[in-house]
Each structure stands twice: as structure tokens, then as C-alpha cells.
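The values are calculated or read from the model by the stated rules, or taken from the named source; none is laboratory data. Since we're looking at a predicted model, the values are computed, not measured. A quick note on method: Cβ atoms are made from the backbone with ideal geometry, for glycine too, and the neighbour counts reach across all protein chains shown. Surface accessibility is based on the protein's heavy atoms, side chains included, excluding ligands, DNA and RNA. Shrake-Rupley method; radii C 1.70, N 1.55, O 1.52, S 1.80 Å.
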Amino acid sequence: QGFEPDLRITKITEQNSKEYGTKLLLTTDPLEAADSANVLVTDTWISMGQEKEKKERLKAFQGYQITMQTAKSAASNWTFLHCLPRKPEEVDDEVFYSSRSLVFQEAENRKWTI
């Protein structure tokens, strides 16, 4: 809690969800979020300029690490993405280095857009 998306973005997303027949779910339960998901994604918990917030952010996001337990809730063909740099508290090694991880392909693709 305290990291919810901007309500203006949520409203636009709800409209797009209805228009395109997709499902929008806002939840604080990682397993509910992963339920039947084709793609599991996490981002850095502490961005540049947020170093002073590190302790409180690590505490706030505790329990949100993507693990193989999280993946059990996902669709059978799930994949994993992360924009890098990755920290172990965000995703465990088993998921990050698994055959389901497309992190390095994602990074290579991003390289060409920079």
C-alpha cells in the first residue's frame, strides 16, 4: 500500500481493458497478481535518487519477490521479464536464470532503442 498507480492512469487503463477485452486487476497479493499470468514482471524497488528510502522500500515490498512459488500460480507457459539492473530481493536466482527468463533478450532488444 502507498504505491498504487495514479488514478488518472487507472481510469485510462480500465477504459482500455474494456475496449480490448483484457483483465485489469489491482491487488496487493502477489499470488493473486500472478494467477494465470503469461508474463511475470518486476522492476527495481529502489531507483536512482531513492537511495534514502531504501530501508522503508525494502520493508514495504517484503514478500513481493518473484519466486518459483509465485510462478506456480502463473499460466503453464509463463515467462519472466525485468528491465535490469536486478537485485536478489526482487526476483530469486531460480527464476532469474531459468529457461523462462527473457531478461537478457529484453536487455538486448532495449540496447537497439537507446
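For the structure I just gave you, tell me whether THR79 is hydroxyl-bearing (Ser, Thr, Tyr), under 28 Å from LYS111 (Cα atoms), surrounded by 16 or more Cβ atoms within 10 Å (Cβ to Cβ) and touching a strand residue (DSSP E or B) at 6+ places or on another chain (Cβ under 7 Å).
So THR79 passes the test.
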Anything in the range 54-66 that is open to solvent by less than 40 Å² (accessible area, probe 1.4 Å) and either among the charged types (D, E, K, R) or in contact with an Asp or Glu (Cβ under 6 Å, 6 or more places away or on another chain) (or both)? List them, or say none. ARG57
Go through (1) in contact with a strand residue (DSSP E or B) (Cβ under 7 Å, 6 or more places away or on another chain); (2) at pLDDT 95 or above; (3) of a type outside the set (A, V, I, L, M, F, W, C) for GLU106 and report which single condition fails. (2)
Just the residues that are under 20 Å from PHE80 (Cα atoms) and surrounded by 11 or more Cβ atoms within 10 Å (Cβ to Cβ), please, taken from the range 33-53. ALA33, ALA34, ASP35, ALA37, VAL39, LEU40, VAL41, THR42, ASP43, THR44, TRP45, ILE46
Check LYS23, LYS111, LYS18 and return the single one that is modelled with pLDDT of 95 or more, open to solvent by 40 Å² or more (accessible area, probe 1.4 Å) and of a type in the set (Lys, Arg). LYS18
Taking the range 11-62 and keeping residues in a helix (DSSP H, G or I) and under 14 Å from the mean Cα position of the chain (by Cα) leaves PRO30, LEU31, GLU32, ALA33, ALA34
Flag for GLN69 being at pLDDT 95 or above, open to solvent by 70 Å² or more (accessible area, probe 1.4 Å) and within 16 Å of the chain's Cα centre (by Cα): yes
Which members of the range 33-70 meet the condition of being among the acidic types (Asp, Glu) and either under 21 Å from TYR97 (Cα atoms) or touching a residue at least 24 places away in the same chain (Cβ under 8 Å) (or both)? ASP35, ASP43
